[in-house]
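Remarks on the structure that follows.
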Amino acid sequence: MVDLRRSTVIDAPADAVWAILRDFNGHASWHPAVASSTLEDGAVGDQIGAVRAFRLTDGARIREQLLSHAAHEMAFSYCILEAAAPLRNYVASMRVRPVTSSGGCMVEWRATFDPPRAEKDRLIRFVQDEIIDAGLRALHGVASGAAPAKTAAPISNSGGQDTTAIILTRHGGPDVLQLQSVRAPEPGPGEVRIRQTAIGVNFIDVYCRRGSFNLVAPGGVLGMEAAGIVERIGPGVANVQPGDRIAYACAPPGAYTALRTMRAELLVKLPDFLNDTTAAALLLKGVTASFLLHEVHAVQPGETVLIHAAAGGVGQILCRWAKALGAAVIGVTSSDAKAAIARAVGCDHVIVSGTTDFAEAALRITAGRGVDVVYDAVGKDSFEGSLRALAPRGHLVSFGQASGDVGAQSIDRLASRSVTLSRPNYGHYTDTAARLQTQTARLFAALRAGHVVAERPTLYPLAEASRAHADLESRRTTGALVLMP
């Protein structure tokens, strides 16, 4: 039997440190290895017998049970019920003791377990270094105020839970986004409450913030994509259970928050191979690529496609997936650095729009014929060129307006080459559970097949949502952006 005992002196009152530790589910607010956590069956954080189900940052799932809780002694103990690692008979305890000579306190953490002989050394190092010592270091920072705690829910579950969210104070630039305290209500019939672990940032959020799309009024919350853990379910919910890893990518907006209550039918269970951060970075963009490539214009082998913003989040997925479908892919980017990314994700040809006329370049590449389809998320600045780049009976799919609305257009000029113009709405392809399931099943299959690759996203704290928006609009980023609650 392994018996690990570690302790540290923290320059903070014992009561203050105990306030951080006393909630059995509160470790998600301070431990760096814990990505998300929820209490099962509506238990509260000091209830003996309560079971917490949580995910580590590496995606591993663990279930632990509270064995004892003594507030007057500032101590509790717990055991592992389920873990991927063979930590057999694992029992741990934590205790806070005042240090009267300094006004600080001592935190003691003990763990006993019975590991397999072949893995004993590895598991000792893991528990000691990654769990206990990493946690004690984090407590130092949080208790001293040097490092902010993650958002933690109060012990009581009655009447909803306090949390934080990014509020749209008015329509305008990135500065209109402010972090404020809000309350996540108890789930009603058909609803769940989610402890969110990662939140996707997309251009549709920018359009909502500007007021281009009438989806979020001032005082509301942006965001249509996130991943997390089901914390509580309301009456009549059968598709998910507390502790399930889920994600969503759909209306209504409201994702920029640490806790969210929403309709259960909009949730998608995540496969084990997809971690929360990647899911939040990928789901909305991958679903977009799914219906653009398979339904708005069903790409066929031998076709030539032109993809704007090829190094962006949706652009990279479109390029890889279109190539896997047998198309020749022309990517358009705004810089040489982004051109290198476009080549890496499968583009046969790359055009840097700042140095050449992309429509003329596309016509040269196709020997004057033009391309079969253009996927254009830029809008105003690229619309005319996208039309010129099309072959007879070509199809312009205008699915974004990063540079602004294309304005009023006459359809008569489309007849000269029998050009088709589409302006798809994401919501019309994801507005029912069945439609969303179709798109996500197709996306997960493409991920397994390697037709779509989940790239590492750029991460921002939730409180810095305005900076993420500014970076996205200025084209300073490539790939996906994710907010971390």
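The values are calculated or read from the model by the stated rules, or taken from the named source; none is laboratory data. Small disclaimer: the values here were computed from a predicted structure and weren't measured. Because the Cβ atoms are built from the backbone with ideal geometry, glycine has one as well, and the counts that use them run over all protein chains shown.
Here TYR207 meets each of (1) closer than 24 Å to ALA227 by Cα; (2) out of contact with any Gly (no Cβ under 8 Å at 6 or more places or on another chain); (3) surrounded by fewer than 16 Cβ atoms within 10 Å (Cβ to Cβ); (4) at pLDDT below 90 with one exception, condition (3).
Looking for something farther than 20 Å from GLY228 by Cα and free of Cβ contacts under 8 Å to residues at least 40 places away in the same chain - is there at least one such residue anywhere in the range 33-41? No.
Within the set ALA449, ALA415, the sole residue that is free of Cβ contacts under 8 Å to residues at least 12 places away in the same chain, surrounded by fewer than 14 Cβ atoms within 10 Å (Cβ to Cβ) and small (Gly, Ala, Ser) turns out to be ALA415.
Each residue in the range 217-233 was checked for being surrounded by fewer than 23 Cβ atoms within 10 Å (Cβ to Cβ) and farther than 26 Å from ASP272 by Cβ, and 5 of them qualify.
If you check LEU414 against the conditions, is it at pLDDT 85 or above, more than 35 Å from the chain's Cα centre (by Cα) and outside the structural domain of ILE204 (by TED's automatic domain parsing)? Yes, satisfied. Per the conditions (1) modelled with pLDDT under 90; (2) outside the structural domain of HIS308 (by TED's automatic domain parsing); (3) buried (at least 17 other Cβ atoms within 10 Å of the Cβ), the sole criterion not satisfied by ALA434 is (3).
Could you look through the range 392-409, keep only residues that are at pLDDT 85 or above and small (Gly, Ala, Ser), and pick out the one that is surrounded by the most Cβ atoms within 10 Å (Cβ to Cβ)? By that ranking, first place goes to GLY394.
State yes or no: is ALA434 more than 30 Å from ALA367 (Cβ to Cβ) and among the small types (Gly, Ala, Ser)? Against the criterion (more than 30 Å from ALA367 (Cβ to Cβ) and among the small types (Gly, Ala, Ser)), ALA434 qualifies.
Residues checked against (1) buried (at least 20 other Cβ atoms within 10 Å of the Cβ); (2) in contact with a strand residue (DSSP E or B) (Cβ under 7 Å, 6 or more places away or on another chain):
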{"site": "ASP162", "(1), (2)": "no, yes"}
{"site": "SER181", "(1), (2)": "no, yes"}
{"site": "ILE199", "(1), (2)": "yes, yes"}
{"site": "PRO235", "(1), (2)": "no, no"}
{"site": "ALA238", "(1), (2)": "no, no"}
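State whether one or more residues within the range 270-279 are touching a strand residue (DSSP E or B) at 6+ places or on another chain (Cβ under 6 Å) and not in a helix (DSSP H, G or I). Checking the range 270-279: at least one residue is touching a strand residue (DSSP E or B) at 6+ places or on another chain (Cβ under 6 Å) and not in a helix (DSSP H, G or I). For the range 34-53, the set of residues classified as surrounded by fewer than 16 Cβ atoms within 10 Å (Cβ to Cβ) and more than 17 Å from LEU67 (Cβ to Cβ) consists of GLY42 only. So, of the residues in the range 17-32 that are among the aliphatic types (A, V, I, L, M) and crowded, with 16+ Cβ neighbours inside 10 Å, which turns out to be nearest to the chain's Cα centre (by Cα)? Taking the candidates together, the pick is ALA28. Scanning the range 302-322 for residues that are at pLDDT 95 or above and part of a strand (DSSP E or B), we see that the one that is farthest from VAL373 (Cα to Cα) is HIS308. Scan the range 251-274 and tell me whether some residue there is over 20 Å from LEU443 (Cβ atoms) and of a type in the set (D, E, K, R). Among the residues of the range 251-274, at least one is over 20 Å from LEU443 (Cβ atoms) and of a type in the set (D, E, K, R), which makes the answer yes. Take ALA377 and decide whether it is modelled with pLDDT of 95 or more and at negative phi. Considered against the rule, which asks whether it is modelled with pLDDT of 95 or more and at negative phi, ALA377 comes out as no. Being touching a residue at least 24 places away in the same chain (Cβ under 8 Å) and within 26 Å of the chain's Cα centre (by Cα) holds for only one residue in VAL406, VAL350, VAL397, VAL378, and it is VAL378. Considering the range 452-485 alone, what residues qualify as being among the small types (Gly, Ala, Ser) and free of Cβ contacts under 8 Å to residues at least 24 places away in the same chain? Of everything in the range 452-485, just one residue is among the small types (Gly, Ala, Ser) and free of Cβ contacts under 8 Å to residues at least 24 places away in the same chain, namely SER474.
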